[in-house]
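Enquirer: Just passing along the structure, written as C-alpha cells.
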Amino acid sequence: MSPFDLTIHLANFALPALFVAVVLGLGGRLVMGKGAPLALWKQVGINFVAALVVLAGGLAYFGRDGMMATYAALAVVCGVLQWLLAGGLRR
C-alpha cells in the first residue's frame, strides 16, 4: 500500500468521527446559544477524540470497519458526551 493509499484509508476512517463531532458542536451552539460552557473548538475536539476511540474499539472488536453497531455506539457516546459538555448533570 502506498503512502497516498494509507492517507486515504485513514482519512475515510476518521471522517465519520469528524462529521459527528462538528455537527454536535454546531448543534449544541444552536440549542445552547451563547450560554455554552465550552468553546466550539473544544467541544468538537473532545467529541472527535471520543468518536475516534469508539471507531477504533469497533475495529478492534469486530475486526473490520463500518459495522452498524460501531456507528450506533458512536452516536450514543457522542450524544451523551455532548450532553455532559453542555452541562447536563448541573441542571
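Enquirer: Would you mind estimating how fast the stretch 3-85 diffuses translationally, via Stokes-Einstein at 37 °C and 0.692 mPa s with the Kirkwood radius over Cα pairs, in µm²/s?
Expert: Value of D from the Cα-based Kirkwood radius: 248 µm²/s.
Enquirer: Using a cut-off of under 16 Å, list every residue of the stretch 38-66 whose amide N is near the label point 7 Å from the Cα of residue 15 along the Cα-to-beta-carbon line.
Expert: Inside the label zone: 65-66.
Enquirer: Right, here's the next one. Taking the Cα centre of the chain as the origin, how large is its charge dipole in debye, to the nearest 20, when only Lys and Arg (+1) and Asp and Glu (-1) carry charge on their Cβ atoms? Walk me through the numbers before you get to the answer.
Expert: On the way: 6 positive and 2 negative charges, 106 e Å.
Value, rounded to 20: 500 debye.
Enquirer: A further question follows. Which of 26, 4, 52 sits farthest toward the positive end of the charge dipole of the chain, with +1 on the Cβ of Lys and Arg and -1 on the Cβ of Asp and Glu?
Expert: Of the listed residues, the answer is 26.
Enquirer: Can you compute the FRET efficiency between residue 1 and residue 42 using 1/(1 + (r/R0)^6), with r the Cβ-Cβ distance and R0 = 41 Å? Round to the nearest 0.05. Walk me through the numbers on the way to the answer.
Expert: Values: r = 35 Å, r/R0 = 0.84.
The value I calculate is 0.75.
Enquirer: Let me ask something else. Calculate for the chain the 222 nm mean residue ellipticity that helices alone would give, adding -39,500 (n - 2.57) per DSSP H run of length 4 or more and normalising by residue count, nearest 500 deg cm²/dmol.
Expert: Details: 3 runs with 71 residues, N = 91.
Using -39500 (n - 2.57) per qualifying helix, the result is -27500 deg cm²/dmol.
Enquirer: Same structure again: Hey, what did the stretch 3-85 get for relative contact order, percent, Cα under 8 Å, at least 6 apart? If you can, show how the numbers build up before the last one.
Expert: Values: 65 pairs, mean separation 28.9, N = 83.
The value is 35 percent.
Read the figures in this text as sums done on the coordinates, not as results from a lab. Here the structure is a predicted model, which means the values were calculated and not measured. Cβ coordinates were reconstructed from backbone atoms using ideal geometry, including for glycine residues, and neighbour counts include every protein chain displayed.
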